Amino acid sequence: MAVVNTATHGDHAHEVHDDHHDNFITKYIFSTDHKMIGKQFLVTGIFWALIGGFLSILFRLQLGFPEMDMSFLRPILGGWITETGELDQNFYLALVTMHGTIMVFFVLTAGLSGTFSNFLIPLQIGARDMASGFMNMLSYWFFFVSGLIMFASLFLEKGPAGGGWVVYPPLSALEQAIPGSGMGMTLWLIAMVFFIASTLLGGINYITTIINMRTKGMTFARLPLTIWSFFLTAVIGLLSFPVLFAAALLLVFDRSFGTSFYLADIYIGGEALPHTGGSPVLYQHLFWFLGHPEVYIVLLPALGITSEVIATNSRKPIFGYKAMIISMLGITILSFVVWAHHMFVSGMNPFLGSVFMFLTLIIAVPSAVKVFNYLTTLWRGNLIFTPAMLFSIGLVSFFISGGLTGIFLGNSAIDIQLHDTYFVVAHFHLVMGSASFFGLMAGVYHWFPKMFGRMMDSKLGYIHFWLTFIGVYMVFFPMHYIGIAGFPRRYYSWTNFDFANMYTDLNMFVSIAAIVTFAAQFIFLFNFFYSMYKGRKAPHNPWRSNTLEWTTPINPGHGNWPGEIPSVYRWPYDYSKPGSAADFIPQTVPLSATPESNLPHEEELVKLEKQIMAEEGQVLVANESNK
Amino acid sequence: MEERLEYIEGAEQPISMHPKKFALWLFIVSTVMVFAALTSAYIVRQAEGNWLEFNLPSVFYWTSAIIVLSSGTMHWAYTAAQRDDMKILKLGMVLTSILGVAFLVGQWYSWVALVDRDVYFVGNPAGSFLYVFTGLHALHLISGVIFLIIVLISSFKYKIHSKSMTRMEMCATYWHFLGGLWIYLFMFLLLNH
């Protein structure tokens, strides 16, 4: 295969850096290398996923086996298990709150976007590093501090925040309300401020890097869909996280300084509180202006990763490259105008509700376009079922089955019945939680060889996939029925209600499935850490992929390419191109080197390519003679 | 011919803007979103009634004049740097920094004037919002003054001239933005209080 290096571009200043050797601290801890920062985000994300998953097992035990004696958990939970061996009721609220916060922000935002945006953006667009390595490092360390504070709050005497992950006031604003609105809530808010700072620092870096630092020939129309999705995710984050900051700031003032932005006319124990004139719905508006785009911050990177993995392993170009970009753009824009569908029953104007319902249902259009494009890419492809491919197909499955229930929930009339029931829990755990988690897993299995230079064991990967895939459906599918029956979410116990008794066995089934699914993740954990040191050595391009990251050395150093950065001559999806002998043509292969497979309009480009090469050749010669 | 131009454009290394300058613009976008959220919250809350009416401190007119003037001196210093006119650059930067501090002092007196009107941070949200707007803007302005002083020091070290303008350009962009942000907030308050 011909590799023509015509360009004289590239960051020559960088070569100086290769001489000095990093010590342990600059290499593994305070690293400014985007690859190491990506791995730091990944490992921290895995740590938080385990904590978040473990918390969910605790409350699933309570829901599935309400009469169970939990005193065997006392070594871990201590005082949170009462004298009679029951789970403390306030701690239950803290468990669901922390599970939501950890999974949404720490695992699926930082762990997913943080890992893959950092790791893949410079590698796939052909850059030495991020626009600002220092800011990138700060981004990780702000996230780390945020995690530290959140982790510390788990060990408070009164427990961590307990007002639900949305922390609605007045519940979250008044210390007298529940134990979880005391110090735990304060630490939650401080941790979130650090987290917002981390996300903004990261997002600013991602956008700057993608716009300004693409290699020669890497036009926007030649960007892999992963990069498009990371780009739009960062844009959403940049526009929505500041709004969460504003909401949290006012909540801090209400909690600690006595203002009344969200508080009005509250009586506790017959005593009126001094707060007057606040509006709790105001908080909901501000929160969901972040909260809804956050769903897409979580989901878009997973969709981008899936596009890449499915095209590579179907050995076919992605179906509808431009339609994919346009639908992601559409989702990005729509994500900002649908937030009030979370508030249909908040007492808001029903007419306004109809507007938001209409806008919400429009999201089905770009989402369906994406699903059809995945299916048509898979259709008649030469499918290679790597673990990453299976997880990607799993994502598509969850995206369909979870997305369909979104059409129900988006209706303001049906939402009156379904609001805050387990139907909602089932919906968003499938379409946002599990789909994004499967995207994350697909990414880890697919890019592990690039991260660590070794392969993960695919047999363990298959076991992990099937247990998780079946497990997720076993957990969340029955929840739809429980929700339609009217079970409210976040309730400690339902056994007091007669209508709820008939679902005890279903809840037990869900809890057992959840425990099995959680246990299956340890297969992945073993595979991940074992393969990091003992895995089979990775070949140069294990998935025979077109994108730029596979043109770097197997273990790329700081700066990614030892020589010049390769130029890009084509889009990243030239798989099984008719006429070509090879079934994939990397982006670095010029059109002039593949006359047998060029399309008519590409032949035109070849002429120009040759012309440019000739001109650059003259420049090169001139430069040489000047020396 | 046209087609050829297009292709060359596509093949060139697409670095279009200094990454740090671009990052500053993105930071400005996120700041705009914070204030857009707060002012929207103000409108939503105001529409619900139970709203305290009071006159805005007249000191806001003075501070607005000061911040507009400081944008003028900033631009004066900026064009001086482009012309390598070091004397005017230093003078302009000193003036801008003094005006920046004067603005902050003026904003403090606006709080004093609010307290005189019996409008406190704790109380009806109409007053609390005003403290949050001015306070959060003042925090940003303090960061702007620090940036001004950094550029001021480097201009005295002759590190800012027509060949090295990045920091100066970023400082000017940020300072004009902060001025514009205040004018927006003031206009917003005039129209909506």
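Tabulated values for the structure
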item: Value of relative contact order over chain A, rounded to a whole percent, pairs C-alpha under 8 Å and six or more apart; result: 16
item: The range A:325-381, Rg to Rh (Cα coordinates; Rh as Kirkwood inverse mean 1/r); result: 1.17
item: The protein assembly as shown, Cα convex hull volume normalised per residue, Å³; result: 190
item: Per DSSP, loop chymotrypsin sites (Phe, Trp or Tyr not before Pro) in the range A:469-509 with at most 14 further Cβ within 10 Å; result: A:F497, A:F499
item: Gyration tensor verdict on the range A:31-278 (Cα atoms; rounded if a/c is under 1.5, prolate if a/b is larger than b/c, oblate otherwise); result: oblate
item: Cross-link reach list, lysines versus B:K159, counting only Cα pairs under 17 Å and skipping chain neighbours closer than eight places; result: B:K87, B:K90
item: The range A:504-539 versus the range A:301-321: alpha-carbon centroid distance in Å; result: 25
item: Exposed GluC sites (Glu not before Pro) absent: longest stretch of chain A, with sites in DSSP loops and at most 11 other Cβ within 10 Å deemed exposed; result: A:158-595
item: Sparse-neighbour loop sites [chymotrypsin sites (Phe, Trp or Tyr not before Pro); the range A:290-383; at most 13 other C-beta within 10 Å; DSSP]; result: A:W379
item: Cβ neighbours within 10 Å from other chains - mean over A:273-285; result: 4
item: Distance (nanometres) between label positions extended 7 Å along Cα→Cβ at B:V94 and B:K157; result: 2.0
item: DSSP-loop trypsin sites (Lys or Arg not before Pro) across the range B:55-158, with at most 15 other Cβ within 10 angstrom; result: B:R83, B:R117, B:K157
item: Peptide B:27-36 - average C-beta neighbours from other chains (10 Å radius); result: 5
item: Normalised contact order of the range B:18-192, rounded percent, pairs of Cα under 8 Å and 6 or more residues apart; result: 31
item: Using a Förster distance of 51 Å, the FRET efficiency for B:R83-A:N349 (Cβ separation, nearest 0.05); result: 0.30
item: For chain B, diffusion coefficient by Stokes-Einstein and Kirkwood Rh (Cα), 4 °C, 1.567 mPa s, µm²/s; result: 69
item: C-alpha long axis of helix B:125-156 to longest principal axis of chain B, angle in °; result: 30
item: Distant-in-sequence amide H partners of A:R454 (H built 1.01 Å from N, under 5 Å); result: A:A538
item: Lys, Arg +1 and Asp, Glu -1 on Cβ, resulting dipole of the protein assembly as shown about Cα centre, debye, nearest 20; result: 1260
item: Cβ-Cβ FRET estimate between A:K534 and A:F134, R0 fixed at 22 Å, reported to 0.05; result: 0.05
item: Rounded FRET efficiency, nearest 0.05, which uses the C-beta distance separating A:E596 from A:E67 and R0 of 51 Å; result: 0.10
item: Ellipticity estimate at 222 nm from DSSP helix runs (n ≥ 4, -39,500 (n - 2.57)) divided over chain A, nearest 500; result: -19500 deg cm²/dmol
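Values in this text are rule-based calculations from the coordinates and carry no lab data. What you see is a predicted model; the values in this text were computed from it and never measured. A quick note on method: Cβ atoms are made from the backbone with ideal geometry, for glycine too, and the neighbour counts reach across all protein chains shown.
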